[in-house]
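Working notes, beginning with the structure itself.
The values are calculated or read from the model by the stated rules, or taken from the named source; none is laboratory data. Please read these numbers as outputs of a predicted model, since none were measured by experiment. Because the Cβ atoms are built from the backbone with ideal geometry, glycine has one as well, and the counts that use them run over all protein chains shown. The accessibility values were calculated without ligands, DNA or RNA, using every heavy atom of the protein model including side chains. Shrake-Rupley method; radii C 1.70, N 1.55, O 1.52, S 1.80 Å.
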Amino acid sequence: MTKFTRAALAALIAATPFAATAEVDLSGETVEWVIPFSETGGSAKWANFFAPLLSEALPGQPTVVVKFMPGAGSTKGANWFQEQEEGDGTLIFGSSGSTQFPYLLNDPRVRYEYNDWVPVMASGTGGVAYLEPEAGAKFDGSANALKDMDFIYGSQGATRLDLVPLLAWEMLGMNVEPVFGIKGRGDGRLMFERGEANIDYQTTSGYLGGSADLVEQGMAVPMMTWGALDEDGNIVRDPTFPDIPTFKEVCEATDGCETSGEAWDAWKAFFVAGFPVQKLAFLPKGTDQEVIDTYVAAFEAVRNREDFEQISTQTVGEYPVFVGEGAQRALQQATSVPQEAKDYVKTWLRDSYGVELEG
């Protein structure tokens, strides 16, 4: 399994920035940042955080508008972006793990090719799973007391990023019934708030932007994060949520859950593909090089702002941001999973949810 070492992260972050070229001037233009999810989820909060910073950093300070194109767990928007060929810098696209996983699993609805797109920025994230108060009162750091409960979970689809929590809960021996078809993780949180679901998970930005308030109000109880990776590729506590145990810790404390073997290796492989580099910003295929250089320089300026660490921690968490060549290498990490892990997950999807995918 590919490991994210400290040296690799440093190499990604230190990728050589490009200088913006004088020929690119976006004065008076509107840049559309298309997000293939609903406006209530983590990707929306991620794009809405970066959009005004990007507007300020681009030459001519164009208006950057975030537009939402939900459907089929982000496949609809990604398929649409595949057909776009504007190279003038007025269109960018934001993908997430729920866009990457169908691509990795040969989902038949995928008609997009990541290698055609031009990555200019990538950032990592985390995830937090949480329970309604009755279940939360039974949670003692293990899932042993939760195994006799029935849970409902709002899901974008089994081949999306949701496979990380779904597989984790199954490994813990929990009975979690997904309701498929929501358009974004924010819609899953709304189901939880309305009492239509009693377990949920959000990526860091979604959790900070909405679910944390539920915890403060006593309407939700944190269960676990997916964790982060240390210099040797081991799972450690998420730096944004250091007081919440990781899935690895909960698994080790739960009867029958193993942190070795095929299930664990598959879960960790998809976690690595889906979270350390989860959200990416792309320009369309065929974009002119001077436009690419301009966007890389702009995102470089954003992450080098003196106040960036402070404002990003409050909104999207404490995770690295990659630009230019670093974003390209991050994309390779996010779209690479060992075949053994793919095979395990495809068998699990077939047996658990009746999802048939190509070998």
Calculated [θ] (222 nm, deg cm²/dmol) that DSSP helices of n ≥ 4 give over the chain, each run adding -39,500 (n - 2.57): -11000 deg cm²/dmol
Cα gyration tensor, segment 127-274 - rounded (a/c under 1.5), prolate or oblate: rounded
Calculated FRET efficiency for the pair ARG109/MET219, C-beta based, R₀ 35 Å, to 0.05: 0.50
q = 0.10, 0.12 Å⁻¹, the chain: log10 I(q)/I(0) [Debye, one scatterer per Cα]: -0.57, -0.83
Overall form of segment 197-353 per C-alpha gyration tensor (a/c, 1.5; a/b vs b/c): oblate
Probe 1.4 Å, accessible area per residue of segment 127-274, Å²: 35 Å²
Leading residue at positive end of dipole, the chain (Cβ point charges), from PRO178, PRO245, ALA57: PRO178
Assigned charges on the beta-carbon of Lys, Arg, Asp, Glu; the chain dipole about Cα centre (debye): 260 debye
Straight-distance crosslink candidates among lysines, where the alpha carbon sits under 21 Å from LYS138 and sequence neighbours closer than 8 are dropped: LYS147, LYS248
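What is the sum of charges around THR75, taking Lys and Arg as +1, Asp and Glu as -1, for the other residues whose C-beta is under 10 Å from the C-beta of THR75? Could the numbers behind the result be given before it?
Values: positive: LYS76, ARG109, ARG111, ARG160; negative: ASP107.
Combined, the nearby Lys, Arg, Asp and Glu give +3.
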Phi to ³J(HN,Hα) by Karplus 6.51 cos²θ - 1.76 cosθ + 1.60 over segment 235-252, Hz, x for Gly, Pro: 7, 10, 5, 5, x, 7, 10, x, 8, 9, x, 7, 4, 4, 5, 5, 4, 4
Calculated diffusion of segment 98-161, Stokes-Einstein form, Kirkwood radius summed over Cα pairs, 25 °C and 0.890 mPa s, µm²/s: 159 µm²/s
Dipole of segment 127-274, positive direction: furthest Cα of ALA228, LEU190, TYR207, with charges on the beta-carbon: LEU190
Computed lengthening from LYS67 to LYS147, 0.36 nm per intervening residue step minus Cα-Cα distance: 24.7 nm
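Checking the table LYS45/LYS279; LYS67/LYS285; LYS67/LYS342 against a 21 Å threshold on Cα-Cα, which pairs fail?
From LYS45/LYS279; LYS67/LYS285; LYS67/LYS342, over 21 Å: LYS67/LYS342.
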Under-5 Å amide H pairs with LYS285, H placed in peptide plane, nonlocal only: VAL118
Relative contact order of segment 127-274, pairs being alpha-carbon contacts under 8 Å that are 6 or more residues apart, as %: 31 percent
Kirkwood hydrodynamic radius of segment 25-159, from inverse mean 1/r over distinct Cα pairs, in Å: 17.3 Å
Distance between modelled label sites at GLU134 and GLU177, nm, 7 Å Cα→Cβ extension: 1.4 nm
Net +/- balance of residues flanking THR40 in space, Cβ distance below 15 Å, scoring K and R +1, D and E -1: 0
Considering only the chain, percent of DSSP beta bridges that pair antiparallel, nearest 5: 60 percent
Carbon + sulfur, % of accessible area of segment 127-274 - ligands and nucleic acids excluded, 1.4 Å: 45 percent
Distance between modelled label sites at GLU86 and SER260, nm, 7 Å Cα→Cβ extension: 5.4 nm
Inter-label distance, nm, simple model (7 Å from Cα along the C-beta direction), ASP25/THR347: 6.2 nm
Cβ-Cβ FRET estimate between THR313 and SER336, R0 fixed at 30 Å, reported to 0.05: 0.60
HN-Hα J in Hz across segment 34-50 - Karplus 6.51, -1.76, 1.60, θ = phi - 60°, x for Gly and Pro: 8, 10, x, 9, 6, 7, 9, x, x, 5, 4, 5, 4, 5, 5, 6, 7
Karplus-derived 3J(HN,Hα), 6.51/-1.76/1.60, for each residue of segment 115-127, Hz, glycine and proline x: 5, 7, 8, 10, x, 10, 8, 9, 9, x, 7, x, x
Unit charges at the beta carbon, dipole of segment 127-274: most positive-side option, ILE152, THR259, ALA137: ILE152
Mean Cβ neighbour count within 10 Å, used as a protection proxy, ranking 262-270, 77-85, 178-186, 307-315 highest first: 178-186, 262-270, 77-85, 307-315
